[in-house]
Amino acid sequence: MKSLFFWGLTAILASSAYKDIVRIGAADGVDRSGTETAAVSKDGSLSAEAVSPDQNAPADTASENGSLSAGAVQGDGKVAADATPEDGNTPADRAGELVELQEPKQVALTFDDGPHKIYTRELLDGLAERKVHATFFVVGKNIEGNEELIERMEQEGHLIGNHTYDHVKICDLSGEDACVQVEKTSALVREITGHDTEFVRPPFGAWNKEMECSFVMIPVLWDVDPLDWTTKNADLVVQRVLGDVENGDIILLHDFYESSVKAALRIVDELSKQGYEFVTVDELILE
Ligand code: NI
């Protein structure tokens, strides 16, 4: 199983390396469209056999016009010495570029408004099954009776953020009341996990930068907002996120609705297939 997994991974890496080479090539103005189509269509996105280092690429995937081919990408993801660069870069330069381009794409899934007795539990189960970590911006008043869910979030490697106690618009409150809203939720989380929340998602995206609390919070907004709370159609939510997401994005969802949780798990499956890895907000923005 281990070696199957390894070769599967190798195939994926080699396949993405190949796409990146094509992209670099496209930038130098050389038209390789004919070659690309031929190489990709022949092996249907590079099978494991095509890139296994102990078995060279089948002859028919080798390029027909001397340009880049599947055979140019080895099992270790580097460009073979006999690859013929057309942009004047040495193979070593190319390999350097590839290493950089192969950095995994990352996104952070964030869930607001919970915990919800049923849907947050379903979400935690689904994320655990997929070994994916997310960030939960919890509403203080929803914690009572759901302490066990907060404990699970902590134990299962998720990040717990703050979404105020009453889900209020921070900028409508006096500075003091605003601090209380954040502090109350942080205290509830601290009772369960042993530490305060460091990140806050201001409800309605409205934060007051002038707030002077006795603690420092890092406000976190979002890049992708499928407006999941406006629809019960999970398909639509999945479609909106997949149509908008890019590397480094923070995705906003709500673990307060059944359709949102269903959509979230499908988004994880789809983006995993596309090579994305899921990180918590702190990992994404504090790197
Ligand atoms: Ni909210």
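The values are calculated or read from the model by the stated rules, or taken from the named source; none is laboratory data. As the structure is a computational prediction, the values presented were derived from the model and not from experiment. Here the Cβ is made from the backbone with ideal geometry for all residues, glycine too, and neighbour counts use every protein chain on show. Remember, those area values only see protein heavy atoms, side chains included, never the ligands or the DNA or RNA. Shrake-Rupley method; radii C 1.70, N 1.55, O 1.52, S 1.80 Å.
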- Query: So how many residues does segment 133-145 have that are more than 16 Å from the ligand (Cβ to nearest atom) and either in contact with a Gly (Cβ under 8 Å, 6 or more places away or on another chain) or part of a helix (DSSP H, G or I) (or both)?
  - Reply: 1
- Query: Within segment 231-254, can you find the residues that are within 13 Å of the ligand (Cβ to nearest atom) and more than 15 Å from F278 (Cβ to Cβ)?
  - Reply: H254
- Query: Out of (1) open to solvent by less than 60 Å² (accessible area, probe 1.4 Å); (2) over 23 Å from the mean Cα position of the chain (by Cα); (3) closer than 23 Å to V261 by Cβ, the odd one out for V241 is which?
  - Reply: (2)
- Quick one: would you say V261 is open to solvent by less than 40 Å² (accessible area, probe 1.4 Å) and closer than 20 Å to A128 by Cβ? yes
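For (1) out of contact with any Ser or Thr (no Cβ under 8 Å at 6 or more places or on another chain); (2) part of a loop (DSSP other than H, G, I, E, B); (3) of a type in the set (S, T, Y), each residue gets a yes or a no:
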site	(1), (2), (3)
E191	yes, no, no
K209	yes, yes, no
G243	yes, no, no
L253	no, no, no
L284	yes, no, no
- State all residues of segment 151-178 that are away from the ligand (no atom under 16 Å from the Cβ) and out of contact with any Ser or Thr (no Cβ under 6 Å at 6 or more places or on another chain); if no residue qualifies, say none. E151, R152, M153, Q155, E156, G157, H158, S174, G175, E176, D177
